Amino acid sequence: MPFSASSSKESGALEGLTVLSAADRSRFLSAVEAGGQRGWGYYLPYLLTLNRPGKSAVLVESTGNGLTLFRWGTKGGKPRLDLCFPSLPLSTVGVERALERANDFNGDRSARILRLDDRDVEALGELERLRIRPRKRQFVFDPATYEDLAGRKLRTVRRHVNAVEAMDELTTEPLSDEHIAGCRELLRSWRKHHRAQHGTAGGTGTSRRALDLVEVAPELDLRGQVILRGERVIAYSIGGAIRNGVA
């Protein structure tokens, strides 16, 4: 659906942009495949959890044979626009044009690119006025590392696994609609505990909205498992494919 703004100037800067939805799955996956991206920020269900009415939205624009995605939100009560990541597939011309569009919306030169794969740093480093700095590195899971849990480095993992295996009445099942209520209850409890221990919600808002997607968008690359003790959900996980060969 088209995205509306509060002023005519903002509306002009947002012209042609639509809110990213599950219906965009095919063209989004094609663009990520063409760009060869691997960061978890390119996972479509994660991006959809950023759509929060009145608070934030991911906006998409078709650009030739690719896509550009923007993040709309507010800062200090003022609406602003940034790039979620560079254009897909990467085009320095497309990035410059998209940054100009975001700057026009913001009324200054503050537009940012929020996420950037390492592989794209060299190409974008050539652009004037663009400063690139590392923020955090993502965890890349390698199944071979955990195949037999051997070695000193994984002794804590072994201890936890052994403790879980010693528990009675544990079963693992694919996540389905019948488990959602139990997952939400577990999430509320975990959120309360995390806030008491660390003073933050620990990303539970994203997890909650991902559970909503399991119910309303079954066509997405979103799969899960639950661990039950008796009939009670004591753990769950959700994930899926970013593109072929990367999840």
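A few comments on the model shown:
- For the chain, modelled as a GNM whose springs connect Cα atoms under 10 angstrom apart, the maximal fluctuation among Ala31, Ala181, Ala22 occurs at Ala181.
- With all protein chains in place and a 1.4 Å probe, the accessible surface of the chain carries 50 percent carbon and sulfur.
- Most fluctuating residue given options Val121, Val161, Val214, as computed from a GNM of the chain linking Cα atoms under 10 Å: Val161
- Percent of beta bridges antiparallel (DSSP, region 1-147, rounded to nearest 5): 95 percent
- The longest stretch of the chain left intact once loop-based GluC sites (Glu not before Pro) with at most 15 other Cβ atoms within 10 Å are removed from consideration, loops following DSSP, is 16-125.
- Of the trypsin sites (Lys or Arg not before Pro) found in region 31-76, those that fall in a DSSP loop while having at most 15 other beta-carbon atoms within 10 Å are Lys55.
- Note that region 81-93 has calculated 3J(HN,Hα) couplings of 10, 9, 8, 4, 6, x, 4, 10, x, 4, 9, 5, 5 Hz, one per residue in order, obtained from phi through the Karplus relation 6.51 cos²θ - 1.76 cosθ + 1.60 (θ = phi - 60°); glycine and proline are x.
- Candidate lysines - alpha carbon under 24 Å from Lys136, same-chain residues fewer than 8 apart omitted: Lys75, Lys153
- The distance linking region 192-247 with region 56-115 is 28 Å (Cα centroid to Cα centroid, whole angstrom).
- Solvent-accessible area per residue for region 97-175 (1.4 angstrom probe, square angstrom): 83 Å²
- Accessible area, probe 1.4 Å, largest first, for residues Trp190, Trp72: Trp190, Trp72
- Residue of Arg27, Arg159, Arg101 that the Gaussian network model of the chain assigns the largest fluctuation, springs spanning Cα pairs under 10 Å: Arg159
The values are calculated or read from the model by the stated rules, or taken from the named source; none is laboratory data. Worth saying up front: this structure is predicted, and the values here are computed from it rather than measured. Ideal geometry is used to build each Cβ from the backbone, glycine not excepted, and the neighbour counts take in all protein chains shown. Just the protein is used for accessible areas: all its heavy atoms, side chains included, with ligands, DNA and RNA removed. Shrake-Rupley method; radii C 1.70, N 1.55, O 1.52, S 1.80 Å.
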